[in-house]
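The structure under discussion appears below in the form of structure tokens.
Read-outs: derived from the displayed coordinates by stated rules, not from any lab. All of these numbers come straight from a predicted model, not from anything done at the bench. Here Cβ is always computed from backbone atoms with ideal geometry, including for glycine, and neighbour counts include all displayed protein chains.
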């Protein structure tokens with residue numbers, strides 16, 4: 001038999017059923033991609049949605065599709081594949097009609113999120129049907145060509161949608177087009193003729209392999225890894241072309257060459273797939289893709305830029321069909337749906353990095369992350385922030401907004417911060433959501449308070465610090481050691497770049513500065529005669545290994561860092577000591593430091609030290625412990641040190657009254673120590689004037705943040721693991737005779753509460 005006769009005898013690849021599946025899948029993805037770039041504009045223009053809300057609404061589609069896919073494979077394998085395909089495709093098409101009735105943002109979000117379910121199921125059913133209608137001899141080849149239906153739709157759908165929108169500015173017409181195109185694809189799929197196969201044998205037990213092809217775990221990891229790389233480069237290519245290559249239209253050419261590479265690879269690789277060289281094809285694709293990424297990073301010019309696009313396209317085009325064929329070959333006929341759902345889910349998985357804070361440091365972080373293959377999502381309340389301009393997306397909301405934090409958690413696997421004043425509870429929320437947070441919330445909590453930080457550095461890490469003293473009240477001012485003067489008084493929190501700092505030479509200077517700062521917690525540091533300032537950047541991995549950058553020499557102007565010179569002009573002994581100190585601090589901020597219990601391992605030793613050194617005449621803990629874990633740890637620590645806990649006092653106060661008393665607080669501009677509260681009769685101000693001196697009154701911004709107050713009270717009134725749970729822990733101990741527990745009615749007058757307390761103490 002000659003070669004011509006052999007070709008004639010070969011089974012047909014482009015049979016009618018395969019063509020129908022191919023076209024219908026193209027229409028499925030085309031209907032999707034036609035709207036994809038326009039929905040953010042629609043939400044903004046129609047519902048005045050901000051960036052954070054847009055991100056939350058649109059992410060629901062992807063998340064639902066991902067969740068549905070593993071179960072879709074099971075359904076496709078259990079029931080008639082054509083019926084499953086038609087039902088899922090019908091639901092997918094019908095949901096486009098739902099966009100016409102979205103009169104509110106909430107309704108649109110619900111419809112969009114639900115729309116992801118039939119999309120995820122239809123893609124699994126369609127790819128499984130494509131495999132079913134292919135002859136076994138042409139299956140590997142056909143899988144390769146099938147992928148082109150997605151690629152072509154992705155290449156032309158977004159640009160066509162944008163063109164139509166910019167021409168007519170009519171979203172409803174675009175919704176109609178997607179609806180019509182999707183139903184046209186459904187009609188084409190309905191004409192497919194395929195052989196019904198035996199349904200999957202029902203097993204007595206439901207196991208994981210009914211939903212995920214466990215035998216393909218290694219292939220799944222490979223697919224996920226390369227999909228991540230591809231997703232990163234796709235996300236950042238526009239930024240890279242502008243920031244590095246200084247071109248504005250290059251990304252369009254990049255993707256065009258990428259598409260050319262994908263198409264060529266399907267044509268070139270079809271023969272090797274037909275000959276059964278699946279592993280060779282996958283290996284060649286991986287190698288070609290890696291070479292493309294290497295060229296991209298090693299040749300930062302237009303030649304490397306466009307060459308990388310073509311090579312990555314060729315590599316992915318070779319690799320993905322071969323990997324999909326491996327999955328299909330690993331599964332019996334009745335498990336093809338599971339195999340397809342597994343590979344699609346693997347491709348969809350990726351890793352991103354979140355950053356809270358959108359300043360210049362965040363911008364540099366995002367740019368550096370992009371070059372290393374990561375996409376970055378920024379959470380920042382300010383519009384057009386520097387970091388947001390060069391990142392994949394910005395969630396525009398407050399640092400402590402739960403909805404925004406949840407949206408960030410759904411997009412990334414790791415989170416860092418741009419500056420130390422990001423609320424530590426926000427980072428703790430992300431930790432509890434299962435994300436890797438570096439630095440951990442406990443470490444950030446320490447750096448946010450200079451008094452706590454100094455104790456940690458000196459007592460925990462063993463690194464010397466400047467002579468200092470905490471100043472939390474005017475009584476602390478009176479008790480200051482004169483040897484600390486002249487000094488610098490700094491606010492314990494939120495002070496930076498010279499803000500919240502005052503040079504003081506006398507006790508009266510300290511008192512005035514303390515009052516000027518509003519009576520907030522401060523620290524007094526002795527002024528030292530310094531030759532120069534140096535700093536060290538140190539990194540520590542989860543294995544305890546540390547690395548330091550060269551020691552830098554810092555120059556300040558008007559209290560603000562202006563220039564850093566590397567390396568610092570110091571002798572090697574001094575540089576070595578600086579690096580050693582940095583490594584000691586980094587070592588202490590290890591995995592144990594970031595336990596879910598917060599910074600108790602630091603706080604409790606600090607409390608015990610204070611009680612032993614300054615509490616010989618008695619002591620009172622206010623604001624600690626705040627949860628059940630802290631209460632248990634504190635009790636254990638007190639018992640170990642032989643320290644007696646005489647009384648635990650609970651002031652009973654309804655939540656609403658407690659909130660009113662916080663929101664009713666007023667500050668006298670003449671003296672913050674003058675008590676004024678519009679909800680407490682004993683200290684009610686005279687109209688809008690201070691009841692003590694007649695001075696002008698003002699409010700603290702945090703006192704008027706009702707959401708923040710409610711959040712704090714959610715912790716306090718939590719009887720399971722919050723502050724009240726801690727109180728009840730000691731109440732149970734009191735019932736055992738181990739301490740005494742006093743309950744006071746907090747709704748009475750200050751004098752009545754005082755009298756009741758004194759009577760019970762005696």
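Each of 483, 535 was scored by other Cβ atoms within 10 Å of its Cβ. Listed from fewest to most, they are 483, 535.
Here the residues 19, 106, 133, ranked from fewest to most Cβ neighbours within 10 Å of their Cβ, fall in the order 106, 19, 133.
Rounded if a/c is under 1.5, else prolate if a/b beats b/c, else oblate: with a ≥ b ≥ c from the C-alpha gyration tensor eigenvalues square-rooted, which is region 383-484? In terms of gyration-tensor shape, prolate. The calculated FRET efficiency for the pair residue 173 and residue 403, based on their C-beta separation and a Förster distance of 30 Å, comes to about 0.40.
Sort the following peptides by mean Cβ neighbour count (other Cβ atoms within 10 Å, averaged over residues), highest first: 175-188, 743-756.
Most protected by this proxy first, the peptides run 175-188, 743-756.
Computed from the C-beta positions of residue 571 and residue 546 and an R0 of 22 Å, the FRET efficiency is 0.50 to the nearest 0.05. Annotation: extensible slack from residue 644 through residue 107 equals 187.5 nm (criterion: 0.36 nm per residue apart, minus Cα-Cα distance). Highest-first packing order for the peptide set 716-726, 92-102 is 92-102, 716-726, based on the mean count of other beta carbon atoms within 10 Å.
Where a ≥ b ≥ c are the square roots of the eigenvalues of the C-alpha gyration tensor, would you call region 722-762 rounded, which needs a/c under 1.5, or, failing that, prolate if a/b is larger than b/c, or oblate? Since a/c reaches 1.5 but b/c is at least a/b, the shape of region 722-762 is classed as oblate.
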